[in-house]
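The values are calculated or read from the model by the stated rules, or taken from the named source; none is laboratory data. Small disclaimer: the values here were computed from a predicted structure and weren't measured. A quick note on method: Cβ atoms are made from the backbone with ideal geometry, for glycine too, and the neighbour counts reach across all protein chains shown.
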Amino acid sequence: MEPILKVENLVKRYAKRNLAGAPQEFLALDGVSFTLSAGTTLAIVGESGSGKSTLASCIACLEPPTSGNLWFEGNNLAAATENDLRKIRPQIQLIFPDPASSLNPRWTILDIVAEPLVVQRKLSRNERMTRAFSLLERVGLSAEIAECTAAELSGGQRQRLAIARALTLKPKILILDEALSALDCSVQAQIANLLFELQSSLGMTFLFITHDLTMAAHLADEIAVMSHGKIVEHGASAKVLKAPASEATRQLLAALPQLSRDPHPAAQR
């Protein structure tokens with residue numbers, strides 16, 4: 001199967017100054033490479049500061065890499081013009097850790113979901129509203145809350161709303177950056193089930209960014225473990241859990257209170 005995304009030797013450096021004011025570089029990504037097949041889920045797992053969110057921002061075309069290649073459906077995003085990136089960005093959507101920070105508190109739920117269509121100047125107003133209602137229903141939100149604001153929703157409802165908005169432009173890849181970390185266990189399970197349903201019904205491709213190896217094993221077909229800007233281990237979820245090859249993976253496993261080493265549910269779908 002031809003990969004929908006291919007990352008080749010991706011490097012990201014940031015320029016900053018130390019306490020003495022001298023210029024120095026921070027290497028956030030250090031030669032990251034992997035492929036992602038359409039209709040599958042890859043979990044990028046690592047501790048804070050490992051480079052996960054920087055990788056997500058580069059793939060979503062929010063930050064340019066310093067070097068390396070990012071191939072999406074045959075297009076090298078790392079070498080694309082800004083005009084080309086404007087056409088590609090709608091196809092790769094990023095959901096942030098805290099949905100409340102990315103949702104306009106003054107807008108209604110319906111307006112929030114329809115906003116990407118307004119920005120892209122797609123569809124008539126009636127068609128936008130119809131699509132917004134349809135997406136709310138798909139993610140399990142009642143049409144009765146359409147005129148509410150995001151502040152009136154629970155954490156789980158806000159995450160469902162963020163997913164609905166991300167789906168508005170029919171993306172091919174959905175990047176979830178710590179999207180479940182702020183939710184309690186029961187709500188995490190509900191959102192995980194929603195993601196399974198979306199992947200099954202829409203053929204979605206997910207890049208799941210997390211520090212939680214348990215949730216990664218539950219959701220993903222494959223796991224890539226990051227440490228200090230590098231991928232130090234990559235393989236099928238069950239294999240990574242049963243026979244971790246890197247010290248970083250073993251430390252993540254050791255930090256968990258307990259974790260079933262049976263093949264993850266995603267493999268049994």
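So here's what we get for this one:
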item: Sole exception among (1) within 27 Å of Phe72 (Cα to Cα); (2) touching a residue at least 40 places away in the same chain (Cβ under 8 Å); (3) out of contact with any His (no Cβ under 9 Å at 6 or more places or on another chain) for Val232, by number; result: (2)
item: Asp212 being closer than 28 Å to Trp107 by Cβ, acidic (Asp, Glu) and in contact (Cβ under 8 Å) with a residue 24 or more places away in the chain; result: no
item: Unmet requirement for Ser186, which otherwise passes all of (1) over 18 Å from Thr41 (Cβ atoms); (2) in a loop (DSSP other than H, G, I, E, B); result: (2)
item: Tally of residues being surrounded by 16 or more Cβ atoms within 10 Å (Cβ to Cβ) and among the hydroxyl-bearing types (Ser, Thr, Tyr) across the stretch 103-130; result: 1
item: Pairs where the first residue, in the stretch 15-28, is closer than 21 Å to Pro64 by Cα and the second is of a type in the set (Ser, Thr, Tyr), C-beta under 8 Å, 6+ apart; result: Glu25/Tyr14; Phe26/Tyr14; Ala28/Tyr14; Ala28/Thr54
item: The stretch 191-204 residues that are more than 12 Å from Leu167 (Cβ to Cβ), paired with ones that are of a type in the set (Gly, Ala, Ser) and assigned to a helix (DSSP H, G or I) (beta carbon under 8 Å, 6 or more apart); result: Ile191/Gly156; Phe196/Ala266
item: Condition check for Ala166: farther than 18 Å from Leu103 by Cβ and either under 15 Å from the mean Cα position of the chain (by Cα) or modelled with pLDDT of 90 or more (or both); result: no
item: Failed criterion for Leu202 (all others in (1) surrounded by fewer than 18 Cβ atoms within 10 Å (Cβ to Cβ); (2) closer than 23 Å to Gly46 by Cα hold); result: (2)
item: Hits in the stretch 10-31 - residues which are part of a strand (DSSP E or B) and either of a type in the set (Gly, Ala, Ser) or touching a Ser or Thr at 6+ places or on another chain (Cβ under 8 Å) (or both); result: Leu10, Val11, Lys12, Arg13, Ala15, Ala28, Leu29, Gly31
